[in-house]
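The values are calculated or read from the model by the stated rules, or taken from the named source; none is laboratory data. Please read these numbers as outputs of a predicted model, since none were measured by experiment. Note that we place each Cβ from the backbone using ideal geometry, even for glycine, and neighbour counts take in every protein chain shown. Side chains are part of the model used for accessible areas, which takes the heavy atoms of the whole protein and leaves out ligands, DNA and RNA. Shrake-Rupley method; radii C 1.70, N 1.55, O 1.52, S 1.80 Å.
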Amino acid sequence: MKVGSSVLACCCLVIQVLGLALFLRGFFPVPVRSQSRKSSMSEIPAEPWAGKTSNWTHLPHPLFKRVVILLIDALRQDFVFGVKGKDHMPYITQLIEKGSTLSFIAKATAPTVTMPRIKALMTGSIPGFIDIVVNLNSHELLEDNLIWQAKQARKRIVFYGDDTWIKLFPKHFVESDGTTSFFVSDFTEVDDNVTRHLDDVLKRNDWDMLVLHYLGLDHIGHLTGPHSHLIGPKLYEMDLVLKKIHSALISNQDDRSLPSLIVVCGDHGMSEAGSHGGSSDEEVQTPLVLISSAFQNKAGTFKEPEMIQQTDLAPTLAVGLGLPISKSSLGMLLPAVVEHMTMREQLRFFHLNGYQLCKLLKENLKAYEKDDGVEQFKKAEKLHANWIKLYLEGNTSEVLTNLGRKLIKQYLEALQKLSASLSKQVAEYDIYSMTVGAIITLEMFFLLILGIPSALSSKAEFDLPLSSPVFSLFFYMTCLVLAAVHVIVCTSAENMCFFCSISWMMAMGIMVFISAVLCILLSVLGKKILKPKPSHEKPNSSMSTWSELDLLLLVGTLGHVLSMGASSFIEEEHQTWYFLVNTLCLALSQEMCRKYFLVRKRNRMNSIDLDHGAQGDVYINEVYDAHKKELREERLSILERFIKDNEKWIALTSPGAILICCRLLRPLNQTGIQWIHRSDFGHWLTSSEHKAELSFLVGICLVMIFILIQGKCSLVSKVALLFGLLGAYCYRAAIGHVLYPWQQNAKDLTKGITEARFVYIFVLGILITGIKDLVKSHVMGTDPKAKTMGLWEVYSGLILLAALLFRPHNLVVLVLCLLIQMILATFIWRILKYDAAQITIMHYWFGQAFFFFQGNSNTISTVDISAGFVGLEGYVEIPAIFLTAFVTYSGPFLWSMHLLCYLSGEINRTSTAVAHGCYCYAIIRSLPVTVYILLVTGLRYHLFIWSVFSPKLLYEVIHVVISAGVCVMFTVADKNHVAKSEL
């Protein structure tokens, strides 16, 4: 069966996406959880007592009457304990310095995004890394948690703030008012909607637990970063909220009643770029301040905050409220919270915590009895029983007190070891699902590799031997073997396997597919090995001769793939691409010099006829025929005439100009890990002191964008593009990023919804115009220019969308991207006559480099989610995901779209150029993800698997998904070309 190159590439990438999805489902496992879903009072262990059964089988009484959780999203520890805290949070600073609080630095684990962190705070468990994917759409939390336990104990819970809580704990609150957590351009109303309830709720006595989740600080970070002038006023606002709550609780507190507790904490921190999701110290270290009159006797004993785990809050709050500790909790009780209690009560608390951890370890580790923590806990439990016996016998000597202190120390050591053991067992990989997904991915990659000679031939088609599986005994034997393996694995597996949970019909279908593709691969490989090559057939020059540039592109691409096995190369991947792009520019400069200065000399030396030397000028002129013909088609402007007259020298300096552009982009956005803390030019531009400079730069960039892309658009699209770019500037002025020329400072700021939707209308108009031209060229077979113009108009619409969504200083990246594309297309590729494969790889390299020029990295914290809410009143899932993904991958995506426009529009290209480009693009996107899933499988127990390798895996998989969509566009354009050529 003959299959076109572009069709084969598209199908392989789409199937790879399905295989990668199955691999991800196995790689990102379900976290360690208790097999029994919820705790109950009947499961509370009795107090140890030597020789007898203690009559203390119930939970201790609560330590606090009321608990207020003041959760400030993205609150870094230095915002409270550092200089910013002293300057902008005077009330909490005063409480801390007086020693009337318990202060800690709570360390969160990656991923540092809101929903997994709320789970960690309320369950004490470490959520799975895949929770970052579902962070945008949270579902009900079925795991045992503090909120559920409080509701079961008939405690009345009131909540105001991030509606993620309402999604996680539906019908748990007697009163609630949620605010969307993803509309990041709003940092005022989102907090005012929480604070407006305080006066009323603090006067009432009909609640036991109050949860407040403020989002404004996080939104400011996403918009302007941690050093913005908006941070200080927001911290002061939060300090006033704390003061109001604390004052109200003190005034309403009765001397005879239990004290109240205020918990001030953050769910995660904030990176130097203003985002979160990674594992840097700024993102994982959050403040935890416990305020209560029970701690008043600590005045004058201020000390530096102790480092604890964020999961320690859940068991501490459970003990404080007199509730069972969540079954899946990995945390340990904070000793400072209970040290004012009697010795017997303290021992009871630590015994309950240790018992719960031992039970959880037993359910997740077969040889749990050999664990050091379990052994130490059993020893402490025996000593505890002896202590209780002495205590109940009335022994009140100092020996009993010293023994109790020693026992507490043993319990704490046991708790630390148990918690550490559980953290090591935090996840179990679904190896079977990973294996099946990896096999599917590998098969598609090898099919692409084996198809290279045929797919990149002049016919651009591949003979797919579909009959091989049907008439092959090996196919049926493979199906039986795989089916047997599936039955054995699924019936003997102790842990839950996702691939075993799907229907048997679907599983068998996947097994048949794997067997069929394996037979096809062996058939193709066998033909290539056994079939002799005709002696009269000349080898394909593009495959047999390798230029220096070909070797550079091959070695650079393979070198980058191999470098992904090292965590440091992943963290600093931008350096790899910067080096490769710079090296490519030098190679292009060498090729250009060789073309201009060596070709003529070589022709003269090899000439037999003396007059042949005079033909050198003719040869040089022929090199530029295609470009000159295009110039003659239009009336030459002054600039075009200058370019024509000085084409040689412009072409010679073009690689250097590209090199300068790339060097200018590097200091714009610091990325990676090592230098992310250093200020960059982007920070300087976005600071409030330089708003005038930023406004001027944005205006210049928008004008340059119009100049660079309007040339190939229709008159209607030019007008729409002009108004769209004006709307983009108006949007940024409306939200306060830039100023109008007549403005001195930003006033009357809005969300810019009207302005953004104004731009969206023009984006859709340009896209529809381009698609209409493409359909017309396909159906009616009109002038080839209609197709070229249609593709360029689609590309222009995407550029306009990027101009709206990019952060204002990143418009420089967009302008230089367009400028480099213009230089390459006009003065390098057409002159040097590179084939589609070479041009495709160059596009890929530049696309990867521009991914990092934007400020992206391989950590989740650099994802700009604020772009997903431009022009939206609230959170709308599908548009938000699309816009966020578009901005994140706009570098590779825009370069791939330019590749399609260039290959389709070149009049001297063969009819198979688009098909060849699509096939090469599929291979260079399939190669890194295929190798990387093998690497992460082997490195799944690496120290940095969750902080470095896992985020990179998500980036790669999403990139493949986008690349599959790009290949679909290539396939459609390729079919248009075929239809046109047949006519």
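Structure summary
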item: Subset tally (residues that are assigned to a helix (DSSP H, G or I) and within 17 Å of Ser861 (Cα to Cα)) for segment 928-958; result: 13
item: Criterion (surrounded by 24 or more Cβ atoms within 10 Å (Cβ to Cβ), under 26 Å from Gly724 (Cα atoms) and either modelled with pLDDT of 90 or more or in contact with a strand residue (DSSP E or B) (Cβ under 8 Å, 6 or more places away or on another chain) (or both)) met by exactly one of Ala825, Ala803; result: Ala803
item: Residue, modelled with the highest pLDDT, within segment 76-102, restricted to residues that are over 33 Å from the mean Cα position of the chain (by Cα) and of a type in the set (Lys, Arg); result: Lys86
item: The listed residue being within 27 Å of Glu283 (Cβ to Cβ), touching a helix residue (DSSP H, G or I) at 6+ places or on another chain (Cβ under 9 Å) and either open to solvent by less than 10 Å² (accessible area, probe 1.4 Å) or basic (Lys, Arg) (or both), out of Phe886, Phe949, Phe944; result: Phe949
item: Close pairs from segment 438-456: first closer than 13 Å to Ile514 by Cα and touching a residue at least 40 places away in the same chain (Cβ under 8 Å), partner assigned to a loop (DSSP other than H, G, I, E, B) and open to solvent by 10 Å² or more (accessible area, probe 1.4 Å), Cβ under 9 Å, at least 6 apart; result: Leu447/Leu464
item: Among residues of segment 566-594, those that are of a type in the set (Gly, Ala, Ser) and either open to solvent by less than 10 Å² (accessible area, probe 1.4 Å) or not in a helix (DSSP H, G or I) (or both), counted; result: 1
item: Filter result (surrounded by 16 or more Cβ atoms within 10 Å (Cβ to Cβ) and of a type outside the set (A, V, I, L, M)) within segment 551-562; result: Gly556, Thr557, His560
item: Enumeration of residues in segment 907-920 that are part of a helix (DSSP H, G or I) and open to solvent by 10 Å² or more (accessible area, probe 1.4 Å); result: His916, Cys920
item: Qualifying residue in segment 607-621 (condition: open to solvent by less than 70 Å² (accessible area, probe 1.4 Å) and modelled with pLDDT of 50 or more); result: no
item: Residue ID - surrounded by the fewest Cβ atoms within 10 Å (Cβ to Cβ), chosen from residues in segment 458-505 that are outside any loop (DSSP other than H, G, I, E, B) and of a type in the set (D, E, K, R); result: Asp463
item: Within segment 695-754, tally of residues that are farther than 22 Å from Gly225 by Cα, open to solvent by less than 40 Å² (accessible area, probe 1.4 Å) and in a loop (DSSP other than H, G, I, E, B); result: 2
item: Residue match in segment 881-901 (condition: modelled with pLDDT under 85, assigned to a helix (DSSP H, G or I) and within 25 Å of Ile220 (Cβ to Cβ)); result: no
item: 1 or more residues closer than 20 Å to Asp162 by Cα and open to solvent by 10 Å² or more (accessible area, probe 1.4 Å): qualifying helices (runs of 4 or more DSSP H) within segment 192-284; result: 198-203, 216-224, 231-252
item: Qualifying residue in segment 308-319 (condition: farther than 24 Å from Ile250 by Cα, surrounded by fewer than 22 Cβ atoms within 10 Å (Cβ to Cβ) and either at pLDDT 90 or above or out of contact with any helix residue (DSSP H, G or I) (no Cβ under 8 Å at 6 or more places or on another chain) (or both)); result: yes
item: Leading residue by the ranking (farthest from Val863 (Cα to Cα)) among those in segment 140-191 that are part of a helix (DSSP H, G or I) and of a type in the set (Val, Ile, Thr); result: Ile147
item: Residue check for Ser542: modelled with pLDDT under 90 and surrounded by 12 or more Cβ atoms within 10 Å (Cβ to Cβ); result: yes
item: Hits in segment 929-941 (condition: buried (at least 20 other Cβ atoms within 10 Å of the Cβ) and within 19 Å of Ala9 (Cβ to Cβ)); result: Val929, Thr930
item: Lone unmet requirement of (1) closer than 21 Å to Met704 by Cα; (2) without any contact (Cβ under 8 Å) to a residue 60 or more places away in the chain; (3) surrounded by fewer than 22 Cβ atoms within 10 Å (Cβ to Cβ) for Gly847; result: (3)
item: Meets criteria (more than 29 Å from Trp829 (Cβ to Cβ) and at pLDDT below 85) for Lys528; result: yes
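Here is a yes/no grid of residues against (1) within 36 Å of the chain's Cα centre (by Cα); (2) within 30 Å of Ser5 (Cα to Cα); (3) β-branched (Val, Ile, Thr):
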{"site": "Asn395", "(1), (2), (3)": "no, no, no"}
{"site": "Glu398", "(1), (2), (3)": "no, no, no"}
{"site": "Ala420", "(1), (2), (3)": "yes, no, no"}
{"site": "Val436", "(1), (2), (3)": "yes, yes, yes"}
{"site": "Leu447", "(1), (2), (3)": "yes, yes, no"}
{"site": "Glu461", "(1), (2), (3)": "no, yes, no"}
